[in-house]
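These notes concern the structure reproduced below.
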Amino acid sequence: LSQALTSREHAERRRVDPSAAHAGALDPGALEQAIRAGAIVPHYQPKVDIGRGLLRGVEVLARWTDDTLGPVPPDRFIAAAERGGLIFDLSLSVMDQAIAQAAIWNARGLKLSIALNVSPILLSEPNIVDAITHLLDKHGVGAPQIVLEITESSVVSPDGPALGALARLRLRGFGLSIDDYGTGLSSMQQLARIPFTELKVDRSFVHHAHRHENLRVILESALTMAHRLKLVTVAEGVETIEDWRLLQRYGCDVGQGYLIGKPMSADALLPWIKEYQERMPSLRAQRSTKL
Ligand code: C2E
Ligand code: MG
Ligand code: MG
Ligand code: MG
């Protein structure tokens, strides 16, 4: 696989950002204060139907721009929150804001599936299922409108509390997605024991797959397996029209990535929909292209 990576990708992986937000440990006090002040806010990235091009839903991605640190990458503050015992407060704050926004869109007739990222550490909190359900009741949103994306790189232990929480959430009607599929150590094991409804292939198997045979084999096999397991298939990291075409050819259900739309504020979503509707016919037309 490493041979399939371009030199640019190797460079990106090695890159060390010199800004303060990246260097050293985050101050847990600053993070806690940001959570309290509601300074960690949701952004939304479109998930669209690959075949027809229609908007299906949005993924909620947390954003934090600190006055002194500047923009802090979510990978960093999520990890800091997990270490510092702040993941419950952070996640519930972001979910509360996102579900409130979903209720506003619903009232305007824009019913979007809402994908929330959840860490297995959050799922191990004793009252997590009730806490999430309470947020939905508070805003009048139903569980079937929500998909929980669980990153498989963080191992969910076979008999741990996270597994029980996932089973209960599924029974309550939530969708469950295995995120960044292919990057974890035990993807297939997780697939076999967690009642997932969606499989989201990691972007490292999506972008550039049209240029690398080995990536195509992995991508196509993952999609075939997911379909046979009756899961909705999603590809992240759709950056080019070539990526889109390949996913159409492989019958992938849903796509997400910079070609379609970047994560954006709630206010930016309606203008994006308008712009996307003008652009969508040319994306759809790719279907008839002979590959
Ligand atoms: P993820 O859930 O796999 O989210 C996808 C990441 O890929 C996002 O990075 C998104 O901005 C980026 N992305 C989307 N399209 C493209 C593309 O076409 N090309 C490339 N190169 N990247 C693309 P982001 O926002 O930096 O988030 C990173 C990770 O942080 C997320 O990965 C997720 O695991 C975690 N995260 C973000 N928000 C939350 C949250 O509220 N709670 C939890 N637990 N985790 C979160
Ligand atoms: Mg995700
Ligand atoms: Mg990923
Ligand atoms: Mg992902």
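The values are calculated or read from the model by the stated rules, or taken from the named source; none is laboratory data. Please read these numbers as outputs of a predicted model, since none were measured by experiment. Quick reminder, even Gly has a Cβ in these numbers, built from the backbone with ideal geometry, and neighbours come from all protein chains shown. Each accessible area value is taken on the protein alone, full model and side chains, heavy atoms only, with ligands, DNA and RNA left out. Shrake-Rupley method; radii C 1.70, N 1.55, O 1.52, S 1.80 Å.
If you project the alpha carbons of segment 168-253 onto the principal axes, what extent comes out on each, in Å, largest first?
Principal extents (largest minus smallest coordinate, Cα): 41, 24, 20 Å.
Among the listed pairs Lys200/Lys274; Lys230/Lys262; Lys47/Lys274, which are separated by more than 23 Å between their Cα atoms?
Table pairs above 23 Å Cα-Cα are Lys200/Lys274; Lys230/Lys262.
For segment 116-209, report the % of Cα-Cα distances exceeding 18 Å.
43
For Lys138, give me every one of the lysines with a C-alpha distance below 25 angstrom, ignoring sequence neighbours fewer than eight places off in its own chain.
Lys111
In whole Å and largest first, what semi-axes does the C-alpha gyration tensor of the chain yield when each eigenvalue is scaled by 5 and square-rooted?
29, 23, 22
Keeping the other protein chains in place, figure out the carbon and sulfur percent of the accessible area of the chain, with a 1.4 Å probe.
That share works out to 53 percent.
Can you give the Rg to Rh ratio for segment 26-90, taking only C-alpha atoms and Rh from Kirkwood?
Ratio of gyration radius to Kirkwood radius for segment 26-90: 1.12.
In Å², and per residue, what accessible area does the chain have when probed at 1.4 Å with the other protein chains present?
Using a 1.4 Å probe on heavy atoms only, each residue of the chain averages 49 Å².
In whole angstrom, and with the biggest value first, how far do the Cα coordinates of segment 205-273 range along each principal axis?
Dimensions of segment 205-273 along the principal axes of its Cα atoms: 39, 28, 15 Å.
Please give the charge dipole size of segment 79-153, origin at the Cα centre, charges +1 on K and R Cβ atoms and -1 on D and E Cβ atoms. Round to the nearest 20 debye.
Details: 4 positive and 8 negative charges, 68 e Å.
Using Cβ point charges on Lys, Arg, Asp and Glu, segment 79-153 gives about 320 debye.
Using the Karplus equation 6.51 cos²θ - 1.76 cosθ + 1.60 (θ = phi - 60°), what ³J(HN,Hα) coupling, rounded to whole Hz, does each residue of segment 167-180 give in order, writing x for Gly and Pro?
My calculation for segment 167-180 gives 4, 5, 5, 4, 5, 7, x, 5, x, 10, 10, 8, 8, 6 Hz in order.
For Ala115, which sequence-distant residues (separation of 5 or more, or a different chain) have an amide H within less than 5 Å of its own amide H, given hydrogens modelled in the peptide plane?
Here Val58, Glu59, Val60, Val147 satisfy the definition.
Kindly report, to the nearest 10 Å², the accessible surface of Met188 as traced by a 1.4 Å probe over protein heavy atoms only.
My reading of the accessible area for Met188 is about 130 Å².
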